1. Please find, within the range 15-74, the residue that is farthest from D111 (Cα to Cα) out of those that are surrounded by 16 or more Cβ atoms within 10 Å (Cβ to Cβ) and small (G, A, S).
2. If I ask for residues that are part of a strand (DSSP E or B) and β-branched (V, I, T), which ones from the range 604-654 would you list?
3. Quick one: how many residues across the range 397-431 are open to solvent by less than 30 Å² (accessible area, probe 1.4 Å), assigned to a loop (DSSP other than H, G, I, E, B) and under 16 Å from G238 (Cα atoms)?
4. Could you list all residues from the range 181-230 that are surrounded by fewer than 17 Cβ atoms within 10 Å (Cβ to Cβ) and small (G, A, S)?
5. Which numbered condition in (1) in a strand (DSSP E or B); (2) open to solvent by 10 Å² or more (accessible area, probe 1.4 Å); (3) in contact (Cβ under 8 Å) with a residue 12 or more places away in the chain is the only one that M338 fails?
6. Kindly provide the set of residues from the range 311-321 that are surrounded by 17 or more Cβ atoms within 10 Å (Cβ to Cβ) and either over 17 Å from Q406 (Cα atoms) or not hydrophobic (A, V, I, L, M, F, W, C) (or both), ordered by number.
7. Mind checking whether some residue in the range 246-257 is open to solvent by 50 Å² or more (accessible area, probe 1.4 Å) and either within 18 Å of L420 (Cα to Cα) or β-branched (V, I, T) (or both)?
8. Among the residues of the range 616-637, write down those that are within 27 Å of K376 (Cβ to Cβ) and modelled with pLDDT of 90 or more.
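The values are calculated or read from the model by the stated rules, or taken from the named source; none is laboratory data. Just so it is clear, the structure is predicted and the values come from calculations on it, not from any experiment. Ideal geometry is used to build each Cβ from the backbone, glycine not excepted, and the neighbour counts take in all protein chains shown. We work out accessible area using only protein heavy atoms, side chains counted, and drop any ligands, DNA or RNA first. Shrake-Rupley method; radii C 1.70, N 1.55, O 1.52, S 1.80 Å.
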Amino acid sequence: MSENQVNSPVQAEEPVQDINILKKDRLDKLAGLRELGKDPFEITKFDVTGHAADYKAEYEAREAEVIAAAGGDEEKLSAGLEALNENIIRIAGRIMSWRDMGKANFIDVRDVSDRIQVYIRSNDVGADLFKEFKKKWDIGDIIGVEGYVFRTRKGEISIHAKNIVLLSKSLLPLPEKWHGLKDPDTRYRQRYVDLIVNPEVKDTFIKRSKIIASIRRYLDTQGFIEVETPMLVSNAGGAAARPFETHYNALDEDVKLRISLELYLKRLIVGGLERVYEIGRVFRNEGVDTRHNPEFTLMELYQAYTDYHGMMDLTENMFRHVAQEVCGTTCVPYGEYMIDLGKPFERLTMIDAVKKYSGVDFTEITTLEQAREIAKAKGVEFEERHKRGDILNLFFEAFVEEHLIQPTFIMDHPIEISPLTKKKPDAPDYVERFELFITGREMCNAYSELNDPIDQRERFKAQEEALSQGDEEANRTDEDFLRALEIGMPPTGGIGYGIDRLVMLLTNSAAIRDVLLFPTMKSLDKDKSENRSAETAPETAPAAEEKIDFSNVVIEPLFQDQVDFETFSRSDFRAVKVLDCEAVPKSKKLLKFTLNDGSGQERTILSGIHAYYEPEDLIGKTLIAITNLPPRAMMGIDSCGMLLSAVHKDGEEEKLHLLMVDPHIPAGAKLY
């Protein structure tokens, strides 16, 4: 049986040697075509007259007109349908499946719009071309089809081919039809294959393009102009994030990739451009998880002579407009929720929200000592450098965020976490800022922008102090930006939001990687390089034994107190599989693990090991956990168990190794 006598070419987990055999077979077919002077790669163009989806819809409409006009007259109906065959069309696309029925074959061809069945018969295309088609063409090949649209006896709208052209030869098989491409890691790394075999993925990215176009149209109608600002900057400011660093060879100067669009756009407000926006890539040197990617698309806008209330109105109207224009409705599904963007968004101050969901009233907590005491009592972790306002924000993250499912504006943040925002005149410890939350996630951040250069310099000083105390995400003083403020900036409102999160919402996508065509992935080149080196190394060369130096290792003394066997035996040690892992927002230490413990229910465990591991490196690993510990609230999340790690000191440096075991051990296997 040839490769094309079945619906699809290869199983999802096809062994490497089988794929190589299939590739060789296809290379041989290509060589045969070239010998016949029919090299598909020499073809430079194929004129198409339209797309599959349009032709199917057009035929259905014209067929309905013919049926209505016939009025039950069979002869008239037959003549009318026959007349439709006179309309010759040309499409191009990829062969997705193949049904061999001898001298007539059916193939499915997919173009950018849809999949359509093509009927190919020896009598129509010629015996020689039909023979070449059956012997030299494969599923995955890109072809051109010329013919007319008709409906088969089974009722499927199809193309009756009069001519076919091989436009490009596929040398590797596509994933098998029924299993497809499901492994997320492979999907993200080979997005080109993902787009071919998973039509819903293509739909997501088409919708992403429409969302960005809709944002632009809305802002253009509001009098905004789109601008472009530098990506490589000497001082990366405007957000709390660590930047990537690089070097200008020509200038012999170290520079950073921007982490925000803010400071240059405000310079344009100073220059008299009263309404500006930019949609562009920004880069933040931080972890990768379901909501974060180191490079992402940000939209920021600034409008002179308005405040954060004006920005709230603009944001609400913009989200509503985009949803209606792109999705056709203001009620959109997301996971288990139906998000209503049509009704007025709720508005709460941060203090009121914390009081509502935690029971703690920060209007009564006036000192840092009081804030620390209530944080300890409520199990909210904080660092020594955190001020009262920082702790208020930690309470918000721990107790409030998860409840904000429907669109909610959170207003009036503490000044400590908002270095570029205007103080509230009647409450100088707070600023005129809001964040929009939907599905428990921050979607948008906006300010009444600080335009007092003296106040701004003091805020930068506070940020420099935080930087000196170990806050790697604190801003540095930007003297040129201060100079611009000294020239004079009018009262201004500003908004920033991640395009990717908005696309996630409007496409019902659970992870940011699902809405990025080429998300950041750990490189496989190193592993490949090591494999190539091993393959080319002389067979006689002995493997170098790794020498591990334990001379500086310091371990904790062994416990002297003994535990009785009955107590120990009640500790339930289990193998667990990491389904997902992400950084806990606003925590530098904690990683949140979603685990398969064999019970059928997902388990959440938090572990303070972010200094040693990136989340994406742990997904798919098999770990050891104690599963019968009582739940412990950490950053407002119940941690149900403990992952086991080995810790020691190497000189003065603390080392940690998470215990990872053989992946052949199933989830839930008990340790004795």
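1. The qualifying residue farthest from D111 (Cα to Cα) is A70.
2. Kept after step one, since they are part of a strand (DSSP E or B), are these residues of the range 604-654: 604-607, 622-626, 632-634, 637-639, 642-643, 645-650, 653-654.
Those that are part of a strand (DSSP E or B) and β-branched (V, I, T): T604, I605, T622, I624, I626, I637, V647.
3. Number of matching residues: 3.
4. Hits for the range 181-230 are S209, A213, G223.
5. (3)
6. Of everything in the range 311-321, those that are surrounded by 17 or more Cβ atoms within 10 Å (Cβ to Cβ) and either over 17 Å from Q406 (Cα atoms) or not hydrophobic (A, V, I, L, M, F, W, C) (or both) turn out to be M311, L314, T315, E316, R320, H321.
7. Taking the range 246-257 as the starting set, the residues that turn out to be open to solvent by 50 Å² or more (accessible area, probe 1.4 Å) are 246-254.
Retained after the next criterion (residues that are either within 18 Å of L420 (Cα to Cα) or β-branched (V, I, T) (or both)): 246.
The answer is yes, given that some residue of the range 246-257 is open to solvent by 50 Å² or more (accessible area, probe 1.4 Å) and either within 18 Å of L420 (Cα to Cα) or β-branched (V, I, T) (or both).
8. Here is the first cut: in the range 616-637, the ones within 27 Å of K376 (Cβ to Cβ) are 625-626, 628-637.
Residues satisfying the conditions are A625, I626, N628, L629, P630, P631.
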